Amino acid sequence: MGRIDKSEKRFSAIIFLSGLFIVVLLLAIFTTLLIASVPAIKVFGIGFFTGKAWDPSVEQFGALPFLVGTLLTSFLALIISIPFSISISIFLGEYYKDGPISAFLRSAIEVLAGIPSVIYGLWGLFLLMPIMRTIQTQLGVTPYGVGIFTSSLILAIMIIPFSASIGREVVTLIPADLKEAAYSLGATRFEVIKNIIIPYARSGIIAGILLALGRAIGETMAVTMLIGNSNFLPKSLFSPANTMASVIANEFAEATGLVASSLIYIAMVLFLVTMLVNIIGTYVIKKIALEASKEVT
Amino acid sequence: MESSVLTVDNFCAYFGDNQILKNINLSTKNNVVTALMGPSGCGKTTLIRCVNRMHELIPGAKVSGNMHLRGDDIYSMEPIVLRRKIGMVFQKPNPFPMMSIYDNVIAGYKLNGIKMGRDEFDNIVEHSLRNAALWEEVKDSLHRKGTFLSGGQQQRLCIARALAMNPEILLLDEPTSALDPKSTAHIEELIVELKKNVTMLLVTHNIAQAARVSDFTAFIYLGELVEFGPTEKMFTVPKDKRTEEYLTGKFG
Amino acid sequence: MKEAIIERSVLEVNMTGNNAGWRLFKDMFFKGLIVLLAFISMLPLLLILYHITINGISVINWEFISQLPRPIGETGGGIYNSIIGSIMLIILSSVLSVPFGIAAGIYLSEKSYGKIAQAIQLSVVVLQGTPSIVIGIIAYLWVVAPFQSFSALSGGIALSIMMLPVIIKSTEETLKLIPYHLKEASLALGVPYYKTILKVILPTGLSGILTGILLSVARITGETAPLLFTAFGNQFMNYSILKPIDSLPYRIFYYAMSPYPEWHTFAWGASFILVVVVLSFNLIARGIAIKWKVQF
C-alpha cells in the first residue's frame, strides 16, 4: 500500500509542478525582458518613449515613432471595427439567435478568426495596397499604398471576430423578463435594444473591445507587411510608419548591442501593455458571467 | 461477533464544526437487508458513506468512534483496500460512459490492475449480470457502451459492477430515487432476491420501501439513532414516540 | 419567431401617439442597418478566400509540394522544405506543450479555488494575450543566443509556449464538466485517486482535450512572428532540429515581401495550402467535439 501512497504523492506533485511551471514561465519571461532591456534603460531611461529619432548610426534610439504608430493603428482599427462588431453582436445575439443564417455568420466569424496573420498581410499587400494607391493619387497624396491607414484597415478586419463573439455572448446573457417588460410597455425592437440591451450589455461590450484592442496592439505580421517600415514619426494617416511590434519584426534579426537592447525594451513595454489590457478585459467578463449566473436563481 | 458483518460503536461524524452523527450504535447480520430511514438531512447518507470511508473525501470531514467489518477496524485499514471489500450503489446510476457493459461490470478489477484470464472475466460478468437480473437483456450487447440502457437498467448494471467484487456488504444509497416506479419495483424485487447471498445496507427516504424490502430498520433523526430493530416490529409497534410520528407522516 | 409575434401584437395594441409611424420607421431602419453592417463584415472573408483560391490553386502541382526552392532566375521548384518544416515544428511543439498543458489543466480542474490555482489561471490569461513576437524574442534569448544558432528547436519552444494556454484551458474546462458521481463510482470500487483521474476521468474527457490540442495546433501552424528569429527559415531541406528550418508561414512572408513576381505566385500557392490546413484542423476539432461527445 505504500506503493499506492507513493504513486498518489508523485501524481499530485507532477500536476502541481506543471501548474506552477506556468507561473514560473511567465515570471521568467518578464524577468528576461527586463534584464535584457537594462542596457537600453540605463542609456535612455523613460525618455526613450519621447525620443523622436531612431538612428543606428549615432546610437540614438527614441521609440516615440513606434508608440505613435501602435496607438494610431490600434485605435483607428478599433474605431473602424466597432460599428461592425457591435452590429454582428446584435445581429447574432438578438435578431438571429438560431437558424441557418445565424449558423452561417457564426461559422464565418470563426473562419475569419482562424486565418493566419501573414495571409491577411499577403492579401492586403496585393489587393488592398493597389486600391489604396489609387485612392491616394486621387486625393493628391503620395501614393505609398502602404502606411498607417492601410494597416489599420487590415487590423480592423482582423479584430472584428474577437469583439463580435464576446459582444454576442453578452447580449444573449440579458434576462428575458427585462426585455419582455419593455415590449409589454409598447417599445419597438430598436428601442428595446437601445434602451435596455445596450446599457445592460455595456460593460461586456467594452470588455470585448478591450480584448480586441489588446490583440490589435500585439498584432505583428499583417501590420509589418502593410505599414511601410519607416522609422520616422508619421506625419499623416497615410504615412508609412512602424509599430512597436513591426519594428521588432523588421530589425531584430540582425540587431546587436544597444539596438537589440532597445528593441527588447520596446518588447517589454509591449508585453506590459497587452498584459494590462487583457487582465482588465478578462476580469470584467468574469464579473459579468458571475452576475449572470446569479440572475438565474 | 462473527455473525455480524458490520458493527458500529459510538460513532460520530462531523463536517467542520457541524456534528452530523451522534453516537450511533448498530450492527448487521449476514444476509439481511438493514434499512436506514429518516427525514432529509438526518445523517443517514453520511452514515452509509462512513462505512466505506467516502465521507472523508470531503474536506473538513471528521469522525470518531469505531466501525468494524467482520471484526476488522474499518478506520485502521487502507481506504482503498476497504473499498474493494464493500460495494456501493449510488442514487444516480453512474456506469462509466467510456466503457462497454462488459468492462463496466469488471471495472473494479480493470481499474485496479487486477489481471485474470479472459474466461474468468467472462464468468464474473455473466454471474454478476445474472445476479443483478440484467443478463438476459444485455447478453447480446455486452460490448456496447452502457449509456443506451434505461435508468433502471443502468442501475442494475451498477449493482452488477458492485457485486462482481464479491463484497462483504453492499451499500445502497437511495438507489431508486432517480428511477420511475416500474424500475423501482424491479430493483426492490432484486434486493429481496439478493438477500440470499449478500448483506445489504439501504438508505431510503421512502418509508414504504423500507417496509417492503428490509429485515431490520434503523430510524435516524437529527443525527441520532432513535430506534433500531426488526422492521416488522418497528413498523407495527414502534418503541419511540418520534418513530411513531415519522411513520405516520407527522414530519419528514 | 415567437418573439416577433409578441412584439407585433403588443405594438398593435399599445401603439398610441403621433410618433408611432416614426418609431416604427426607426425600428425598421435600424434593423436594416444592422443586417447590412453584419453582412459587409463578411465581405473581406469572402474576398480573401476567393483570391487565395483563384491565385493559389493554379500554382499547386506535384512539383510544388515535392521540390525545394530554386534560386531566383530559375523557374520551377517548390516549397517542400516549408511543408516538412511546418510538420516538424508542429510535432516538436506538441510534444513539448501537450504533457505540461494537460497536467496543469488537471491540477486546475481539481483545485480551482486555491490561491495558487488563481495565480496559475491569471498566468494563463496573460500568456494567452502575450504578443507572439514577444514570445519569439524570449525564445531567441533563451535558446538561440546561448547556442549561437537559429534552430528548429527554438522555434518549437516558442510555439509550444503559445500552445500551452489553449491546452490548459480546454483541459480544465472539459474535466470540470465531468460530474462528480463518476469519480465517486470509481473511488467506491477501491480505485486510488490518481488512477481514477488517469483511467476514468481523462478518458471520459478525451474529446474535449483533443479538441483543445487541435485548436492550438491550428493556431500555431499559421504563426510567423515567433519564428522570425528562432527557426529563421531555410531554403534548403533540413531534418535536424538544431539547425534553422523553414515553415509555410515564413515562406509566405519571405516571398510576399520580395520583389519577384514568380515568388509572389508561390506565396499564393503556399497560402492556399496553409489556409486549407488550418481550416481543416479547425473543422476536425469541431467534428471531434460533436461526434465524440460523451453523454453522462
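Of A:Leu67, A:Leu92, A:Leu78, all but one fail to be under 15 Å from A:Arg215 (Cβ atoms), in contact (Cβ under 8 Å) with a residue 40 or more places away in the chain and touching a helix residue (DSSP H, G or I) at 6+ places or on another chain (Cβ under 8 Å); the exception is A:Leu78. Total residues in the stretch C:232-263 satisfying the condition of being within 19 Å of the chain's Cα centre (by Cα) and of a type in the set (A, V, I, L, M): the figure is 2.
Filtered by the rule that a residue be of a type in the set (A, V, I, L, M, F, W, C) and out of contact with any strand residue (DSSP E or B) (no Cβ under 9 Å at 6 or more places or on another chain), the stretch B:97-115 gives B:Val105, B:Ile106, B:Ala107, B:Leu111, B:Ile114. Identify, please: which residue in the stretch B:46-66 is buried (at least 20 other Cβ atoms within 10 Å of the Cβ) and among the β-branched types (Val, Ile, Thr) and is, among those, farthest from B:Lys85 (Cα to Cα)? Applying the filter and picking the extreme gives B:Thr46.
For the stretch B:243-252, which positions are within 16 Å of B:His205 (Cβ to Cβ) and assigned to a helix (DSSP H, G or I)? B:Thr243, B:Glu245, B:Tyr246, B:Leu247 - these are the residues of the stretch B:243-252 that are within 16 Å of B:His205 (Cβ to Cβ) and assigned to a helix (DSSP H, G or I). A Cβ distance below 8 Å, combined with a sequence gap of six or more or placement on separate chains, defines the contacts here; from the stretch B:58-74, residues that are at positive phi reach residues that are among the hydroxyl-bearing types (Ser, Thr, Tyr) in the pairs B:Arg70/B:Ser4.
If I filter the stretch B:105-124 down to residues being away from chain C (no Cβ under 14 Å) and not aliphatic (A, V, I, L, M), which single residue comes out as nearest to B:Val81 (Cα to Cα)? Step through it out loud before you land on a result.
So in the stretch B:105-124, the residues away from chain C (no Cβ under 14 Å) come out as B:115-123.
Those left that are additionally not aliphatic (A, V, I, L, M): B:115, B:117-123.
Details: B:Lys115: 17, B:Gly117: 22, B:Arg118: 24, B:Asp119: 25, B:Glu120: 22, B:Phe121: 21, B:Asp122: 24, B:Asn123: 23 Å.
Among those that are away from chain C (no Cβ under 14 Å) and not aliphatic (A, V, I, L, M), it is B:Lys115.
Among C:Pro146, C:Pro179, C:Pro192, which is the only one that is in contact with a helix residue (DSSP H, G or I) (Cβ under 6 Å, 6 or more places away or on another chain) and either at pLDDT below 95 or not hydrophobic (A, V, I, L, M, F, W, C) (or both)? Walk me through it before giving the result.
Numbers: C:Pro146 fails: in contact with a helix residue (DSSP H, G or I) (Cβ under 6 Å, 6 or more places away or on another chain); C:Pro179 fails: in contact with a helix residue (DSSP H, G or I) (Cβ under 6 Å, 6 or more places away or on another chain).
Going through C:Pro146, C:Pro179, C:Pro192 in turn, the sole match is C:Pro192.
Here is a list of conditions, (1) within 28 Å of A:Gly167 (Cβ to Cβ); (2) surrounded by 24 or more Cβ atoms within 10 Å (Cβ to Cβ), and A:Met275 meets all of them except one; can you say which number that is? Looking at each condition in turn, A:Met275 falls short on (2). Being facing chain A (nearest Cβ under 7 Å) and at pLDDT 80 or above is a property that C:Leu11 lacks. There is at least one residue in the stretch A:12-23 that is facing chain C (nearest Cβ under 8 Å), aromatic (Phe, Trp, Tyr), surrounded by 12 or more Cβ atoms within 10 Å (Cβ to Cβ) and in a helix (DSSP H, G or I). Testing B:Gln154 on (1) in contact (Cβ under 8 Å) with a residue 40 or more places away in the chain; (2) more than 14 Å from chain C (Cβ to nearest Cβ); (3) surrounded by 20 or more Cβ atoms within 10 Å (Cβ to Cβ), one condition comes back false. Which one is that? It is condition (2) that B:Gln154 fails.
Take the stretch C:259-278 and flag every residue that is without any contact (Cβ under 8 Å) to a residue 40 or more places away in the chain and out of contact with any helix residue (DSSP H, G or I) (no Cβ under 6 Å at 6 or more places or on another chain).
Residues of the stretch C:259-278 without any contact (Cβ under 8 Å) to a residue 40 or more places away in the chain: C:259, C:261, C:264, C:267, C:276.
If the condition is that a residue be without any contact (Cβ under 8 Å) to a residue 40 or more places away in the chain and out of contact with any helix residue (DSSP H, G or I) (no Cβ under 6 Å at 6 or more places or on another chain), then C:Pro259, C:Pro261, C:His264, C:Val276 are the ones that fit.
Can you list the strands (runs of 3 or more DSSP E) found entirely within the stretch B:1-75 that contain at least 2 residues being polar (S, T, N, Q)? Show your work before the answer.
Details: elements: B:4-15, B:18-29, B:33-37, B:61-69.
Where strands (runs of 3 or more DSSP E) fall fully within the stretch B:1-75 and carry at least 2 residues being polar (S, T, N, Q), they are B:4-15, B:18-29, B:61-69.
The set of residues in the stretch A:177-193 that are of a type in the set (S, T, N, Q) and either in a loop (DSSP other than H, G, I, E, B) or more than 7 Å from chain C (Cβ to nearest Cβ) (or both) contains only A:Thr188. From the list B:Lys29, B:Lys92, the lone residue that is among the basic types (Lys, Arg) and more than 8 Å from chain C (Cβ to nearest Cβ) is B:Lys29.
B:Ser100 satisfies every condition listed in (1) surrounded by fewer than 18 Cβ atoms within 10 Å (Cβ to Cβ); (2) within 30 Å of B:Leu26 (Cα to Cα); (3) at pLDDT 90 or above except (2).
Examine the stretch A:153-161 for a residue that is over 14 Å from A:Arg215 (Cβ atoms) and in contact (Cβ under 8 Å) with a residue 24 or more places away in the chain, and state whether such a residue exists.
First, pick out the residues of the stretch A:153-161 that are over 14 Å from A:Arg215 (Cβ atoms): A:153.
Narrowing further to those that are in contact (Cβ under 8 Å) with a residue 24 or more places away in the chain: A:153.
So far as the stretch A:153-161 goes, yes, one or more of its residues are over 14 Å from A:Arg215 (Cβ atoms) and in contact (Cβ under 8 Å) with a residue 24 or more places away in the chain.
Conditions (1) at positive phi; (2) in contact with a Leu (Cβ under 8 Å, 6 or more places away or on another chain); (3) aliphatic (A, V, I, L, M); (4) without any contact (Cβ under 8 Å) to a residue 24 or more places away in the chain, marked per residue:
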| residue | (1), (2), (3), (4) |
| --- | --- |
| B:Gln19 | no, no, no, no |
| B:Leu26 | no, yes, yes, no |
| B:Met37 | no, no, yes, no |
| B:Ser40 | no, no, no, no |
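Scanning the stretch B:161-178 for residues being hydrophobic (A, V, I, L, M, F, W, C), surrounded by fewer than 22 Cβ atoms within 10 Å (Cβ to Cβ) and more than 11 Å from the chain's Cα centre (by Cα) gives a total of 1. Considering the conditions (1) assigned to a helix (DSSP H, G or I); (2) surrounded by 14 or more Cβ atoms within 10 Å (Cβ to Cβ); (3) β-branched (Val, Ile, Thr), C:Ile40 is excluded by exactly one of them, (2). Among the conditions (1) at the interface with chain C (Cβ under 10 Å from one of its Cβ atoms); (2) in contact (Cβ under 8 Å) with a residue 12 or more places away in the chain; (3) acidic (Asp, Glu), A:Glu251 misses just one, which is (1).
Looking only at residues in the stretch C:145-156 that are closer than 9 Å to C:Thr230 by Cα and more than 10 Å from every other protein chain (Cβ to nearest Cβ), the one that is surrounded by the fewest Cβ atoms within 10 Å (Cβ to Cβ) is C:Ser149. Restricted to the stretch A:116-173, and to residues there that are within 14 Å of chain C (Cβ to nearest Cβ) and of a type in the set (Phe, Trp, Tyr), the residue that is farthest from the chain's Cα centre (by Cα) is A:Phe126. Applying the selection to the stretch C:93-135, what residues are closer than 14 Å to C:Met162 by Cβ, more than 7 Å from chain A (Cβ to nearest Cβ) and modelled with pLDDT of 95 or more? Within the stretch C:93-135, C:Ser93, C:Ser94, C:Leu96, C:Ser97, C:Val98, C:Gly101, C:Ile135 meet the criteria.
With in contact with a strand residue (DSSP E or B) (Cβ under 9 Å, 6 or more places away or on another chain), under 30 Å from C:Pro226 (Cβ atoms), β-branched (Val, Ile, Thr) and more than 13 Å from every other protein chain (Cβ to nearest Cβ) as the only criterion, which of C:Ile79, C:Ile90 stands out? Steps first, please.
Working: C:Ile90 fails: in contact with a strand residue (DSSP E or B) (Cβ under 9 Å, 6 or more places away or on another chain).
That would be C:Ile79, the only listed residue that is in contact with a strand residue (DSSP E or B) (Cβ under 9 Å, 6 or more places away or on another chain), under 30 Å from C:Pro226 (Cβ atoms), β-branched (Val, Ile, Thr) and more than 13 Å from every other protein chain (Cβ to nearest Cβ).
What's the total number of residues in the stretch C:21-58 that are closer than 16 Å to A:Tyr120 by Cα, polar (S, T, N, Q) and more than 9 Å from chain A (Cβ to nearest Cβ)?
Step one: of the stretch C:21-58, the residues closer than 16 Å to A:Tyr120 by Cα are C:41-56.
In the following step, the residues that additionally are polar (S, T, N, Q) were identified as C:41, C:53, C:55.
Subsequent filtering for residues that are more than 9 Å from chain A (Cβ to nearest Cβ) retains C:53.
So the count comes out to 1.
The requirement of being farther than 19 Å from A:Tyr265 by Cα and either of a type outside the set (A, V, I, L, M, F, W, C) or surrounded by 15 or more Cβ atoms within 10 Å (Cβ to Cβ) (or both) is not satisfied by A:Lys42.
The values are calculated or read from the model by the stated rules, or taken from the named source; none is laboratory data. If you're wondering where the values come from, they're calculated on a predicted model, not measured in any experiment. When we count neighbours, we look across all protein chains shown, and the Cβ atoms used for this are built from the backbone with ideal geometry, even at glycine.
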